[in-house]
Amino acid sequence: MKALWPFLLSLSFSCCFAATDSALVAQAKWKVKKLSPGIFLKTISFKDSTLFRSNQNISILEIKQKKKVEFDLAAEARQKKTTSGFGLAANAIAAINGTFFDVARGGSVDYLRLNDQVLNENRKEENNERARHQQAAVVIRKGKLSLSSWDGSQEWEKHLQGEDIMVSGPMLLLGSREIPQDSSSFSLTRHPRSVIATGRNNRVLLITIDGRHANAAGMSLQETAKIVRWLRYKDAINLDGGGSTTLWIRNEPDNGVVNYPSDNKKWDHEGEREVANVVLVKKR
């Protein structure tokens with residue numbers, strides 16, 4: 001019985017902190033900027049180690065899916081560009097970095113379909129198994145974005161209905177339920193994160209969580225999932241993060257980069273990493 005006390009005490013503290021953190025997010029006073037009808041930029045900084053006992057910086061682009069706005073993908077089979085570079089080239093409203101890619105040679109390591117053409121196939125693990133970041137997908141059909149979770153079949157992504165398909169992951173939330181994550185360093189360690197969330201009033205969130213700096217610790221996948229659930233969204237997918245994490249919006253200050261990309265190890269808006277693909281928001 002005595003051996004149970006440390007565990008129960010730890011569980012009690014964990015529940016207490018979770019309740020405090022959820023209330024903190026629910027009551028937070030976000031800085032909100034209306035960019036156009038149905039599109040809002042929301043930013044907030046949690047200082048003095050207040051959220052998950054750490055400093056955090058979160059940027060969210062909220063987009064209402066409607067006739068005048070569409071989602072799209074942009075990608076290169078080999079060449080790499082910054083997220084802002086992809087956005088500018090496509091004359092987009094906004095862009096967020098996409099899925100995982102080969103840093104040395106470019107190109108996605110996850111399945112990518114662009115305008116009904118397969119640009120990249122999944123690069124399997126050494127045991128020929130599907131990687132954890134190949135178990136969910138961003139699906140864009142006629143300009144509308146949705147999320148899909150792997151159904152266990154071998155060629156699941158090839159049967160998804162959409163002109164543009166970006167496999168990524170893991171899935172963080174599905175039907176408002178937090179998806180259990182594995183015990184890898186990638187899942188448990190705090191990193192910058194990029195996320196897409198859906199499932200509330202026909203809105204989509206493009207989320208960046210900064211990290212690797214005293215001003216922003218970054219989050220584990222579990223912490224990231226909690227943030228999205230506390231924002232009352234139902235489904236969420238993890239994109240490539242770390243030094244790739246970038247949210248760009250046309251005509252915003254600092255060349256449109258609204259978060260603090262960490263690739264230059266400075267707390268500024270100039271640390272973009274070149275990536276292989278992005279998710280775009282465009283005018284129809």
**OP:** Please give the calculated 222 nm ellipticity per residue for the chain, where each DSSP H segment of at least 4 residues contributes -39500 (n - 2.57) and the sum is spread over every residue; nearest 500 deg cm²/dmol?
**Re:** -4500 deg cm²/dmol
Subject >> Net +/- balance of residues flanking residue 217 in space, Cβ distance below 15 Å, scoring K and R +1, D and E -1 >> reply: +3
Subject >> Relative contact order for the range 64-137, counting Cα pairs under 8 Å that sit 6 or more residues apart, in percent >> reply: 22 percent
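Rounded, prolate or oblate: which one fits the range 61-153, using the alpha carbon gyration tensor with axes a ≥ b ≥ c (rounded when a/c is under 1.5, else prolate when a/b beats b/c, else oblate)?
Details: a/c = 2.26, a/b = 1.34, b/c = 1.68.
Oblate is the answer for the range 61-153, as a/c is 1.5 or above yet b/c matches or exceeds a/b.
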Subject >> R0 of 35 Å, Cβ-Cβ distance residue 183-residue 214: FRET efficiency to nearest 0.05 >> reply: 0.80
Original post:
Is there a pair in 29/68; 33/234; 42/226 whose C-alpha atoms are over 26 Å apart, and which pairs would that be?
Top reply: 29/68
Original post:
What angle, in degrees between 0 and 90 and rounded to the nearest 10, separates the Cα long axis of helix 221-230 from the longest principal axis of the Cα atoms of the chain?
Top reply: 90 degrees
Subject >> Segment residue 158-residue 267, length gained on full extension (0.36 nm per residue, minus Cα span) >> reply: 35.2 nm
Original post:
Of 191, 39, 215, which is farthest on the positive side of the dipole of the range 31-283, counting Cα position, with +1 on Lys and Arg Cβ, -1 on Asp and Glu Cβ, and the Cα centre as origin?
Top reply: 39
Original post:
Using unit Cβ charges (K, R positive; D, E negative) and no other charged atoms, how large, in debye to the nearest 20, is the dipole of the range 31-283 about its Cα centre?
Top reply: 1120 debye
Original post:
Applying the Karplus parametrisation 6.51 cos²θ - 1.76 cosθ + 1.60 with θ = phi - 60° to the phi angles of the range 200-213, what ³J(HN,Hα) value in whole Hz is obtained for each residue in order, glycine and proline being reported as x?
Top reply: 9, 6, 6, 10, 10, 10, 9, 10, 10, 10, 6, x, 6, 8
Subject >> For the chain, built as a Gaussian network whose Cα springs stay under 10 Å, the top-fluctuating residue of 131, 23, 236 >> reply: 23
Original post:
Which of rounded, prolate, oblate describes the range 31-283, given a ≥ b ≥ c as roots of the alpha-carbon gyration tensor eigenvalues and a/c under 1.5 marking rounded, otherwise prolate only if a/b is larger than b/c?
Top reply: rounded
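Quick one: grab the alpha carbon gyration tensor of the range 206-284, order the square roots of its eigenvalues as a ≥ b ≥ c, and give me rounded if a/c is under 1.5, else prolate or oblate depending on whether a/b is larger than b/c. Could the numbers behind the result be given before it?
Numbers: a/c = 1.77, a/b = 1.13, b/c = 1.56.
Oblate.
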Original post:
What is the calculated FRET efficiency for residue 30 to residue 102, with r their C-beta to C-beta distance and R₀ = 41 Å, to the nearest 0.05?
Top reply: 0.70
Original post:
Can you give the angle from 0 to 90° between the axis of helix 4-26 and the longest principal axis of the chain, with both taken from C-alpha atoms, to the nearest 10?
Top reply: 50 degrees
Original post:
Which whole-angstrom value gives the distance between the alpha carbon centres of the range 54-73 and the range 208-284?
Top reply: 11 Å
**OP:** Only Cα pairs under 8 Å and at least 6 apart count here; give the relative contact order of the chain as a rounded whole percent.
**Re:** 24 percent
Original post:
Amide H neighbours of residue 191 under 5 Å, counting only residues 5+ apart in sequence or on other chains, H built in-plane at 1.01 Å?
Top reply: 219, 220
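Laboratory data are not the source of any read-out in this text; all were calculated from the coordinates shown. Here the structure is a predicted model, which is why all the values come from computation and not from measurement. We place every Cβ from the backbone using ideal geometry, glycine too, and count neighbours over all the protein chains shown.
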